[in-house]
């Protein structure tokens, strides 16, 4: 390596992607990983700042300057050990995280920021290739039993941490797949499911016991769970989606995004879906309501299914392409982001509200919309106004709601446990993840609301620490 700092020599370089026309022919991952030498060059661009804003921005606290330094000097095993100490699942975040760290990178003030996410992914993938990813079994088992309800990223994190602390951990999942949104909600082209399977295998070797097809509160009573386990952690997701109460909502062909994405993941795994239940975009005009990542995931899947045309509508105005004075560095900038799905096709529209749906013979055929104008009052609050005479319609044989989630399901689990909820109907906890019921904790989206995978993993790790302390005090 040259002795000069890498940022003076190398420009930012990301992994190449298979061309959009080719990658939409299947549901496989389309990134082409960079060679080790190129990753080392990218790692050498790190400025090793006196104050590492990237480390502070990362919810997991990944020690990014150290990782970059070690990788640039070919010390991959040491980098792996440090990364593993802060992040249980770098292979998930390396594929799915929006890279909050890169937005706060000091280098990004005047140049393109570091490729931290890609470097982390390279570290963990090399760890698997070299056999460094091994079960971390405790020397002593405590004999204490902990039940985790939900196997999403937060539930997996709390389970792994507690198993490594010596407790007997059982994870209950109501679906047939372990992984929660990772397994059923994230499209395969973003996260192929073998990535999850190999991590689950490691966790099983560490002593974590997984039980699927078990809906706690229905298939297994709350009383049976509390009698058998010394502590319980509620780690389900925020699964109640936002809906639209407008005329025509009951027409066939209108679905929630997660139902659509889950079904395609199951089809990819070989499950047969009855024809009358299949949500298929092939040959159809598709409208996605919601401009976020979930909507973009629906766009990518619809294109792979052979949709005739796809529109993605967003209620809010189009964000700026670059930072403004209202979003200074190192804060996360609310700027326009182009998802890989947007590279593949479809059309995005902003400041659009849905008026109603119409159709024939009980099936949706059109969506009726109106354009919006956004203004701000003296306090900086946004105000929405409908633009008179701006109504328009779009052909829509399939409509997908991707407007986010409200809160976790209340019945069968939360109500039967008797845990309190906050004003947003999320599980109410203190700073130690404790609910109002002794011995019952909560973590992840179930207590914080819809969030990011990296934040869910961090919340699971934090909950595991609190539960471990609780069991020691007992």
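Go through the stretch 338-353 and give me each residue that's closer than 25 Å to residue 16 by Cβ, in contact (Cβ under 8 Å) with a residue 12 or more places away in the chain and part of a loop (DSSP other than H, G, I, E, B).
At the first step, the residues of the stretch 338-353 found to be closer than 25 Å to residue 16 by Cβ are 338-346, 348.
Checking the rest, the ones that are also in contact (Cβ under 8 Å) with a residue 12 or more places away in the chain come to 339-346, 348.
Residues satisfying the conditions are 339, 345, 346.
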Tell me whether the stretch 4-19 contains one or more residues that are crowded, with 20+ Cβ neighbours inside 10 Å, in contact (Cβ under 8 Å) with a residue 40 or more places away in the chain and closer than 23 Å to residue 191 by Cβ. no
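Just checking, which of 214, 226 is out of contact with any helix residue (DSSP H, G or I) (no Cβ under 6 Å at 6 or more places or on another chain), over 30 Å from residue 30 (Cβ atoms), in the same structural domain as residue 446 (by TED's automatic domain parsing) and not in a loop (DSSP other than H, G, I, E, B)?
On the way: 214 fails: not in a loop (DSSP other than H, G, I, E, B).
Within the list 214, 226, the selection yields 226.
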With respect to residue 74, determine if the residue is part of a loop (DSSP other than H, G, I, E, B) and on the phi > 0 side of the Ramachandran plot. yes
The one condition residue 451 fails out of (1) part of a helix (DSSP H, G or I); (2) closer than 23 Å to residue 100 by Cβ is (1)
Residue selected from the stretch 29-39 under the condition part of a helix (DSSP H, G or I) and free of Cβ contacts under 8 Å to residues at least 40 places away in the same chain, by the criterion surrounded by the most Cβ atoms within 10 Å (Cβ to Cβ): 38
Which of (1) assigned to a helix (DSSP H, G or I); (2) closer than 25 Å to residue 427 by Cα; (3) touching a residue at least 40 places away in the same chain (Cβ under 8 Å) is the odd one out, the single condition residue 232 does not satisfy? (1)
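To keep it simple, each residue is scored yes or no on (1) within 19 Å of the chain's Cα centre (by Cα); (2) in a helix (DSSP H, G or I); (3) surrounded by fewer than 24 Cβ atoms within 10 Å (Cβ to Cβ).
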{"residue": "114", "(1), (2), (3)": "no, no, no"}
{"residue": "122", "(1), (2), (3)": "no, yes, no"}
{"residue": "126", "(1), (2), (3)": "no, yes, yes"}
{"residue": "129", "(1), (2), (3)": "no, yes, yes"}
{"residue": "134", "(1), (2), (3)": "no, no, yes"}
{"residue": "137", "(1), (2), (3)": "no, no, yes"}
{"residue": "148", "(1), (2), (3)": "no, no, no"}
{"residue": "156", "(1), (2), (3)": "yes, yes, no"}
Looking only at the stretch 454-469, and only at residues there that are buried (at least 24 other Cβ atoms within 10 Å of the Cβ) and out of contact with any strand residue (DSSP E or B) (no Cβ under 7 Å at 6 or more places or on another chain), the one that is farthest from residue 162 (Cα to Cα): 454
Quick count over the stretch 386-423, residues being surrounded by 10 or more Cβ atoms within 10 Å (Cβ to Cβ) and over 22 Å from residue 261 (Cβ atoms), is 19
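Kindly establish whether residue 318 is free of Cβ contacts under 8 Å to residues at least 40 places away in the same chain and assigned to a helix (DSSP H, G or I). Show your work before the answer.
Numbers: free of Cβ contacts under 8 Å to residues at least 40 places away in the same chain: yes; assigned to a helix (DSSP H, G or I): no.
So residue 318 fails the test.
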Evaluation of residue 131 against (1) more than 21 Å from residue 444 (Cα to Cα); (2) touching a residue at least 40 places away in the same chain (Cβ under 8 Å); (3) out of contact with any helix residue (DSSP H, G or I) (no Cβ under 7 Å at 6 or more places or on another chain) (one fails), failing number: (2)
Failed condition for residue 204, given (1) touching a residue at least 24 places away in the same chain (Cβ under 8 Å); (2) over 17 Å from the mean Cα position of the chain (by Cα); (3) not assigned by TED's automatic domain parsing to the domain that holds residue 85: (1)
Kindly indicate whether any position in the stretch 429-437 is part of a strand (DSSP E or B) and either more than 30 Å from residue 296 (Cα to Cα) or touching a residue at least 24 places away in the same chain (Cβ under 8 Å) (or both). yes
Conditions (1) out of contact with any strand residue (DSSP E or B) (no Cβ under 7 Å at 6 or more places or on another chain); (2) at pLDDT 95 or above; (3) within 27 Å of residue 271 (Cβ to Cβ); (4) not assigned by TED's automatic domain parsing to the domain that holds residue 27 -> residue 176 fails only (2)
Since residue 189 meets every condition but one in (1) in the same structural domain as residue 445 (by TED's automatic domain parsing); (2) part of a loop (DSSP other than H, G, I, E, B); (3) surrounded by fewer than 20 Cβ atoms within 10 Å (Cβ to Cβ), which condition does it not meet? (3)
From the list 359, 389, pick out the single residue that is in a loop (DSSP other than H, G, I, E, B) and either more than 21 Å from residue 292 (Cβ to Cβ) or touching a strand residue (DSSP E or B) at 6+ places or on another chain (Cβ under 9 Å) (or both). 389
From 26, 62, 68, residue being out of contact with any strand residue (DSSP E or B) (no Cβ under 6 Å at 6 or more places or on another chain), surrounded by 19 or more Cβ atoms within 10 Å (Cβ to Cβ) and either on the phi > 0 side of the Ramachandran plot or in a loop (DSSP other than H, G, I, E, B) (or both): 62
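The values are calculated or read from the model by the stated rules, or taken from the named source; none is laboratory data. Fair warning: this is a prediction, and the values are worked out from it, not measured in the lab. Positions of Cβ are generated from backbone atoms using ideal geometry, with glycine treated the same way; all protein chains shown enter the neighbour counts.
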